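Visitor: For reference, the structure I am asking about is given below.
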Amino acid sequence: MHYVAAVGHSSRPAADRNAVARCQQMFADFSRTGSGSDLLYARLAAGVAGNRDLAGLLVQAPEHQRLPVLLFACVHRLLFDAPDDPLGRYYPTVGPNGAALTEQRPSADGLLGAFATFCRVHAAPLGDLLRTRRVQTNEIGRCALFLPPMARVADEAGPLAQVDVGASAGLNLLMAHYDVHYEPGGLLKARRPVGPAVVLRCGTRGDVPLPPSPPPIAAAVGLDSSPIDVDDRDEARWLEACMWPDQPERLARLQAAIAVARITGVDVRAGDAVDAVASLIDEAGAAGHPVVTTSWVLNYLSPRERRSFVTALDGRGDRRDLSWVYAESPALCPELPGAPRPSEDPQPTAVVLVRWRGGRRSAEHLADAHPHGAWIHWRE
C-alpha cells in the first residue's frame, strides 16, 4: 500500500525535496543498524526509506529532531490510544495480538501498509507530536554500565554526588534501587530497594570489576532541556512510547522504574547541558565527590556544543576534583576525551572514565557496550 500525502511531490520546493531526501537516507541508514529484537523498526525503516511521502512526514519536526525514532515514537504514542487499529497486531507493546510479530513475522508489505494507513488516518495529531515532541529514551539498562566505573571512583574518592546530564525523567538517578544481574558475575543487590522490583540484566565479557554492593551516592540530580514529570500521565506515556515496541520487557522494566520514581521522587532540573552543568556540579558536590554521567545524549549536541560541554567540565575540573563517566558513541561524538576510534559495529558505545585530579585531566576507555546496557565488554 502506498501512502499519498496531501501535498504532491511536484509542489514541494527544492529545499523541501532535499530535506525529504536526507530523511530517506536517515531511514535507510537506520534500517541497517537494526537487528535481532530491533527487527520491527529495522523493517519499517527500510520501507519508509523507499517512500518519499512517509519519510517526508519527518520534515515537520524541528531540524535537530529529524530522527527516524521520533516518527516511530509518535506513531507508537498514538497507537497506545488506538490498540485495535490493524497496525497494533505488529506491536507487542500495544495489544494482545502484538505477539504475532515474533511468532508469525508478518510480511514487510503488510507492516508498511498498516503503518502508512495509520499515518494517513492520524495525520493531524501525528503532525502535532512531530512538531512538539523530542526523543527521550530514559534507558535504565545503562545503569549497569555506570555502576562498575562509579564504584571505582567511590573507592578512590568516597561517597558520590551524581549529576546526570540528559536525565529525561531522572530514572538513571535511582540505580541504588535497582537489582543488576551481571552474567557472568553475579547479582548486585539494590542498596535501597523500594516499590516494585526493578531487575537489570547485563552480559559481561572480560574482567569486569564488579563491586560487592552499589557505590554510595550521597546526592543525585538530573539536568535536561525538557524534563519528563513522571507524575504526569501523558508525559510518562510519551516516555513509554519512546521504547521500541518489539521489546516489551524493556517497557515493563521502564514502567516499574517509573513506579519507583513516583515513590521516591527525583530531582531533575530544566536547563542547558553546557550552561547549567557547572553550577549543578558545585551544588551536588557539597554532598560528595561529583560524578557527571551521560549516556547517548551528547550525540544530540552539535560538535561545537560538545566541545563547549567538555570545556565547561574542564573549567570545574581546574578548581576541584571531578569525574565523568560516559557511555556515548565514538562515531557520533569524536570530540570527547578518551573516545576510541569508531569500530565497525554500527552502534558502538564506549564507556569512558574521565578524571580531573589536582587540576589535571585524564581519560580511560574502560569498556565497550551495548547502547541499551544489554552487555559490557571490559577492556582491561
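Visitor: Tally time: how many residues in segment 196-227 are touching a strand residue (DSSP E or B) at 6+ places or on another chain (Cβ under 8 Å), touching a residue at least 40 places away in the same chain (Cβ under 8 Å) and assigned to a loop (DSSP other than H, G, I, E, B)?
Guide: Selection size over segment 196-227: 14.
Visitor: I've got another one for you. Of the residues N172, N138, which is part of a helix (DSSP H, G or I) and under 19 Å from the mean Cα position of the chain (by Cα)?
Guide: Criteria check complete, one pass: N172.
Visitor: Answer yes or no as to whether S308 is surrounded by fewer than 18 Cβ atoms within 10 Å (Cβ to Cβ) and within 22 Å of the chain's Cα centre (by Cα).
Guide: It is true that S308 is surrounded by fewer than 18 Cβ atoms within 10 Å (Cβ to Cβ) and within 22 Å of the chain's Cα centre (by Cα).
Visitor: So the check is Cβ under 7 Å with 6+ separation or different chains; which pairs have a first residue in segment 42-69 that's under 10 Å from S31 (Cβ atoms) and a second one that's hydroxyl-bearing (S, T, Y) and part of a loop (DSSP other than H, G, I, E, B)?
Guide: A42/S35
Visitor: For segment 60-78, name all the residues that are over 16 Å from A124 (Cβ atoms) and not basic (K, R).
Guide: P62, E63, H64, Q65, L67, P68, V69, L70, F72, A73, H76
Visitor: What's the total number of residues in segment 188-225 that are under 21 Å from the mean Cα position of the chain (by Cα) and of a type in the set (S, T, N, Q)?
Guide: Initial filter on segment 188-225 (under 21 Å from the mean Cα position of the chain (by Cα)): 198-204, 220-225.
Right, trim to of a type in the set (S, T, N, Q) and you get 204, 225.
Adding up the residues that qualify gives 2.
Visitor: Follow-up. Just checking, which of L187, L147 is modelled with pLDDT under 95, out of contact with any Lys or Arg (no Cβ under 8 Å at 6 or more places or on another chain) and not charged (D, E, K, R)? Walk me through it before giving the result.
Guide: On the way: L147 fails: modelled with pLDDT under 95.
When all the criteria are applied, what remains is L187.
Visitor: Here's another thing I want to ask about it. Restricting attention to segment 237-256, which residues are of a type in the set (A, V, I, L, M, F, W, C), closer than 14 Å to I140 by Cβ, in contact (Cβ under 8 Å) with a residue 60 or more places away in the chain and not in a loop (DSSP other than H, G, I, E, B)?
Guide: L239, L251, L254, A256
Visitor: Kindly list the number of the only condition in (1) surrounded by 19 or more Cβ atoms within 10 Å (Cβ to Cβ); (2) among the aliphatic types (A, V, I, L, M); (3) over 18 Å from A144 (Cβ atoms); (4) within 18 Å of the chain's Cα centre (by Cα) that fails for L280.
Guide: Checking L280 against (1) surrounded by 19 or more Cβ atoms within 10 Å (Cβ to Cβ); (2) among the aliphatic types (A, V, I, L, M); (3) over 18 Å from A144 (Cβ atoms); (4) within 18 Å of the chain's Cα centre (by Cα), the one that fails is (4).
Visitor: Look at R134 and say whether it is farther than 18 Å from L200 by Cα, among the charged types (D, E, K, R) and modelled with pLDDT under 95.
Guide: yes
Visitor: I'd like to know if segment 258-273 contains one or more residues that are under 24 Å from R355 (Cβ atoms), of a type in the set (G, A, S) and either out of contact with any Asp or Glu (no Cβ under 7 Å at 6 or more places or on another chain) or surrounded by 15 or more Cβ atoms within 10 Å (Cβ to Cβ) (or both).
Guide: So the first thing to find is which residues in segment 258-273 are under 24 Å from R355 (Cβ atoms), and the list is 273.
Narrowing the set further to residues that are of a type in the set (G, A, S) leaves 273.
From what is left, the residues that are either out of contact with any Asp or Glu (no Cβ under 7 Å at 6 or more places or on another chain) or surrounded by 15 or more Cβ atoms within 10 Å (Cβ to Cβ) (or both) are 273.
Within segment 258-273, one or more residues are under 24 Å from R355 (Cβ atoms), of a type in the set (G, A, S) and either out of contact with any Asp or Glu (no Cβ under 7 Å at 6 or more places or on another chain) or surrounded by 15 or more Cβ atoms within 10 Å (Cβ to Cβ) (or both).
Visitor: So which of S362, S302, S343 ends up being surrounded by fewer than 20 Cβ atoms within 10 Å (Cβ to Cβ), of a type in the set (S, T, Y), modelled with pLDDT under 95 and more than 30 Å from L251 (Cβ to Cβ)?
Guide: The unique qualifying residue is S302.
Visitor: Sticking with this one: Taking only segment 178-195 into account, find how many residues are part of a loop (DSSP other than H, G, I, E, B) and in contact with a Cys (Cβ under 7 Å, 6 or more places away or on another chain). If you could, list the steps in order and put the result at the bottom.
Guide: Applying the first criterion (part of a loop (DSSP other than H, G, I, E, B)) to segment 178-195 yields 178, 184-185, 189-195.
After this cut, where a residue has to be in contact with a Cys (Cβ under 7 Å, 6 or more places away or on another chain) as well, the list is 178.
Residues in segment 178-195 being part of a loop (DSSP other than H, G, I, E, B) and in contact with a Cys (Cβ under 7 Å, 6 or more places away or on another chain): 1 in total.
The values are calculated or read from the model by the stated rules, or taken from the named source; none is laboratory data. Here the structure is a predicted model, which is why all the values come from computation and not from measurement. Please note: Cβ atoms are built from the backbone with ideal geometry, for glycine as well, and neighbour counts cover all protein chains shown.
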